[in-house]
Amino acid sequence: MIAMLGTLVGPVMSLTILGLTYLASLGLLYNWAIHFKLYYLTVYMIAPVIFGIGVDYSMLMLSRYLEERIRERDKNKALSIVLSRIRPTILASASVVGLGLGSFAISRYGYIQDIGIGFIIAVAFTVMATAVILPEFMRLLGDGVLWPMGLRQSPLS
C-alpha cells in the first residue's frame, strides 16, 4: 500500500483498523465458542479474508480520495464523491465475497459450517471497518492521510 499510494499515514491507519477488526472478529468468535463448539482453524482462516479484502477496499478508498484531491476538489467534496462512488462498490463486492465464503455455513460438515460462520463475521466486520470507520478517520485527518506525499501523483502512476 505504501508503494502504491506513496503515503505512510493512510496505509498505517488502514492496517491498524484492519488489525482491530481482526481482534473484534476473534472476540465475537470466542463468544460464539463459549456457547457452541467452534472448529479451531476458523480463527486462522479469517485473517487472510480480513486483510485481503480490507487492504483492497482501503486502497480503493484512499486512492480515489487522492484522485479527487488532485482534481482540486476540497476535502469534504472529495470525501463525499468517494463515499458516493466507492461505498456501493465495496458493498457489492463484499456481498459477493460474503455469500460465496458464507455458503460454507450450509455444509453438512460441522467444521465447514464453523468456517463459513467465521467468514461471514469477517466480511461483515471488514465492511464496517472500510466503509464506515475508515472514511470517518479520513474526514478527521483530511489530507493528513496523504502524508508525506501530499497531493502529488503516486510514484507508481
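Observations on the model:
- Residue 108 vs. criteria touching a Pro at 6+ places or on another chain (Cβ under 9 Å) and over 26 Å from residue 148 (Cβ atoms): no
- Hits in region 8-42 (condition: surrounded by fewer than 16 Cβ atoms within 10 Å (Cβ to Cβ), aliphatic (A, V, I, L, M) and part of a loop (DSSP other than H, G, I, E, B)): 8, 41
- Filter result for residue 60 (assigned to a helix (DSSP H, G or I), under 30 Å from residue 115 (Cα atoms) and under 11 Å from the mean Cα position of the chain (by Cα)): yes
- Scanning region 62-94 for residues that are within 21 Å of residue 1 (Cβ to Cβ) and among the hydroxyl-bearing types (Ser, Thr, Tyr) returns 63, 65, 89, 93.
- Filter pass, residue 86 being at pLDDT 95 or above, surrounded by 17 or more Cβ atoms within 10 Å (Cβ to Cβ), in contact with a Lys or Arg (Cβ under 6 Å, 6 or more places away or on another chain) and among the hydrophobic types (A, V, I, L, M, F, W, C): yes
- So residue 50, is it at pLDDT 95 or above and under 24 Å from residue 24 (Cβ atoms): yes
- Pairing each residue of region 58-78 that is among the polar types (S, T, N, Q) with any residue that is buried (at least 16 other Cβ atoms within 10 Å of the Cβ), provided the two are 6+ apart or on different chains, yields C-beta distances under 7 Å for 58/14; 58/130; 58/134; 63/5.
- Scan of region 52-83 for residues that are surrounded by 20 or more Cβ atoms within 10 Å (Cβ to Cβ), under 25 Å from residue 121 (Cα atoms) and of a type in the set (Val, Ile, Thr), ordered by number: 53
The values are calculated or read from the model by the stated rules, or taken from the named source; none is laboratory data. Every value quoted in this text rests on a predicted model; they were computed, and no experiment measured them. Ideal geometry is used to build each Cβ from the backbone, glycine not excepted, and the neighbour counts take in all protein chains shown.
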